[in-house]
Amino acid sequence: MDIKTIGGPFILAPLAGYTDKAFREIARGLGADTAVSEMVSAEGLARNGEKTKALLERFPGEDRFIIQLFGPSDDPVRRAMDNLLGYNPTVIDINCGCPVPKVVKTGAGSALMKNPQMIGRIIKTIKERTDIPVSVKFRLGWDSDSINFLEFADIAAEAGAEMLTLHARTRAQGYSGTADRKAFSMLSEHFKGSGILLFGSGDVFTPEDAMALINDSGLSGVMFARGAIGNPFIFRETKELIEKGCYSLPSTEEKISVALKHLRLMVSYYGENTGCREMRKHLMAYIKGIPGSSRVKNEIGQAVTLEEMTKALSTIL
Ligand SMILES: Cc1cc2nc3c(=O)[nH]c(=O)nc-3n(C[C@H](O)[C@H](O)[C@H](O)COP(=O)(O)O)c2cc1C
């Protein structure tokens, strides 16, 4: 797959509870080349569940969309294929990294790191039905005693994966500790000349972090995850860094204005009540670090209407 298929090297990572169509729209508007859905249950998709369908809605004009599935085996993925193809994803990604017990105990998410042959079967199942590129997002291994990312990636590549995204932590680490940058270099060395797109995930909090993964570790691109929550400006900053060698940070006014735009999108997509409730966590992240923001946190936490939220945000300025 050519990187142009996904628009470029800077992607908004899948973030369950965050990367809905409103956040993807904001991130794309600020320079994200493409964005990944929240993780979607293959079983839920096979059953055409209402919750699953909602996760797969695109924002108007969303021309590229990576859909991430999770499931324990090829069986639900096979049954989900008809419905999945109806959404015409740009890339189909398989989640092999989710550490949440509810997911892992079914054999899905990072449990697949303990069952590498299964990822081969899942990918082949998809490839039997479609030419849409398949990618895999995986971890270093289950824990520090079972690091197997290269073996795992080999099985995925052999089955036909055209993109590999390594979150350079083990399942046991969850989201703590630091991502192992050496592993990114090992991955790019291992797949040198293969034509497979190699992405890195883990501790990408600044444009410099992103550029280090590309320039020093030799990766094709980067997924921004926690570093983009409340800070979608990171995409624009990274592109500015490449073009000009430096970048400017958003002003407080711009942060509030983008937060308000995000809020209005949420309300227009989900209605006032749900939109405001779901927006709280984003707003807390947008205002983090702005002088005087701590005094409005309570108000944001309690606001249930667009007017109340807008008023609370405006008092920061
Ligand atoms: C709240 C939250 C939700 C996440 N949801 C997903 C998910 O649905 N699918 C997935 O592959 N990774 C998910 N991740 C992992 C991120 O995509 C990313 O790999 C991880 O946060 C490491 O990057 P970072 O250290 O730069 O945040 C999630 C992470 C967080 C913090």
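Annotations for the structure displayed:
- Length added when fully stretched, residue 298-residue 264, from 0.36 nm per residue minus Cα-Cα: 10.2 nm
- Averaging over all projection directions, the Cα-based convex hull of the stretch 93-245 occupies 9.6 nm² in the image plane.
- Kirkwood Rh (inverse of mean 1/r, distinct Cα pairs), the stretch 178-317, angstrom: 16.9 Å
- For the chain, share of DSSP beta bridges that run antiparallel, in % to the nearest 5: 5 percent
- Volume per residue of the C-alpha convex hull in the chain, rounded to whole Å³: 129 Å³
- In units of the compact-protein estimate 2.2 N^0.38 Å, the stretch 121-188 shows a Cα radius of gyration of 1.18.
- Among the listed pairs 102/288; 261/281; 137/182; 105/137; 255/311; 51/114, those beyond 21 Å (Cα-Cα): 102/288; 51/114
- Extent along the principal axes, Cα only, for the stretch 252-314: 31, 22, 17 Å, with the longest axis given first.
- With Cα atoms, 0 to 90° folded angle of helix 233-244 axis to the chain main axis: 80 degrees
- For the options 108, 27, 16, a Gaussian network treatment of the chain with springs between C-alpha atoms closer than 10 Å singles out 16 as fluctuating the most.
- The calculated 222 nm mean residue ellipticity attributable to helices in the chain amounts to -13500 deg cm²/dmol, summing -39500 (n - 2.57) over DSSP H runs of n ≥ 4 and dividing by all residues.
- Rg to Rh, two decimals, where the stretch 32-125 supplies the alpha carbon set and Rh follows Kirkwood: 0.96
- Here the simple spin-label model places points 7 Å from the Cα toward Cβ, and for residue 105 and residue 208 these points are separated by 4.4 nm.
Each reported figure results from applying straightforward, stated rules to the coordinates on display, with no laboratory input. Please read all numbers here as calculations on a predicted model, not as lab measurements. Positions of Cβ are generated from backbone atoms using ideal geometry, with glycine treated the same way; all protein chains shown enter the neighbour counts.
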